[in-house]
1. Are any residues in segment 21-53 part of a helix (DSSP H, G or I), at pLDDT 95 or above and either acidic (D, E) or touching a strand residue (DSSP E or B) at 6+ places or on another chain (Cβ under 9 Å) (or both), and if so, which ones?
2. Considering each residue of segment 1-19, count those that are at positive phi and under 12 Å from the mean Cα position of the chain (by Cα), and give that number.
3. For a quick check of your reading of the model, give me the residue pairs whose first member lies in segment 1-15 and is free of Cβ contacts under 8 Å to residues at least 60 places away in the same chain, whose second is aromatic (F, W, Y), with beta-carbon atoms closer than 8 Å and at least 6 apart or on different chains.
4. Among the residues of segment 51-70, what is the count of those that are surrounded by 12 or more Cβ atoms within 10 Å (Cβ to Cβ) and hydrophobic (A, V, I, L, M, F, W, C)?
5. Just for segment 2-19: of the residues that are of a type outside the set (K, R) and surrounded by fewer than 13 Cβ atoms within 10 Å (Cβ to Cβ), which one is farthest from I61 (Cα to Cα)?
6. Taking the options V45, V22, name whichever one is within 12 Å of the chain's Cα centre (by Cα), surrounded by 10 or more Cβ atoms within 10 Å (Cβ to Cβ) and either on the phi > 0 side of the Ramachandran plot or not charged (D, E, K, R) (or both).
7. Select from segment 13-48 the residues that are in contact with a Lys or Arg (Cβ under 6 Å, 6 or more places away or on another chain) and of a type outside the set (G, A, S) and write down the one among them that is farthest from M64 (Cα to Cα).
Amino acid sequence: MVRNNIELDVKTKCIEQGKTQVQIAEDIDTTKAYVNRIIKRTDGVVNKTFVQMMESLGYDIEIMYVKREG
């Protein structure tokens, strides 16, 4: 299982950066609706088969965010 709450993570990072989902969508040349749909996906942003493979091996998944420098 993916331990992260992706929706909360993205919203927190948006607040930290002073950006909205609309601005994120514009930055990556897509729509706010698509960004929102990805964030709220019930099956997550990580490939389901990958999650199942890691679970089969006895692992959960944690996504770590590292701020790029520069």
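The values are calculated or read from the model by the stated rules, or taken from the named source; none is laboratory data. It should be emphasised that the depicted structure is a prediction, and the values quoted were computed from it without experimental measurement. Backbone-built Cβ (ideal geometry, glycine too); neighbour counts: all protein chains shown.
1. Selection gives E26, D27.
2. Summing the residues that are at positive phi and under 12 Å from the mean Cα position of the chain (by Cα) in segment 1-19 gives 0.
3. D9/Y65; K13/Y65
4. Let us first name the residues in segment 51-70 that are surrounded by 12 or more Cβ atoms within 10 Å (Cβ to Cβ), namely 51, 54-55, 61, 63.
Adding the requirement that they be hydrophobic (A, V, I, L, M, F, W, C) leaves 51, 54, 61, 63.
Of the residues in segment 51-70, 4 are surrounded by 12 or more Cβ atoms within 10 Å (Cβ to Cβ) and hydrophobic (A, V, I, L, M, F, W, C).
5. Residues of segment 2-19 of a type outside the set (K, R): 2, 4-10, 12, 14-18.
Among the residues that remain, those that are also surrounded by fewer than 13 Cβ atoms within 10 Å (Cβ to Cβ) are: 5, 8, 12, 15-18.
Values: N5: 11, L8: 16, T12: 20, I15: 24, E16: 24, Q17: 25, G18: 28 Å.
Of everything passing the filter in segment 2-19, G18 is farthest from I61 (Cα to Cα).
6. V45
7. Residues of segment 13-48 in contact with a Lys or Arg (Cβ under 6 Å, 6 or more places away or on another chain): 21-22, 25.
Subsequent filtering for residues that are of a type outside the set (G, A, S) retains 21-22.
Values: Q21: 20, V22: 24 Å.
Here the residue is V22.
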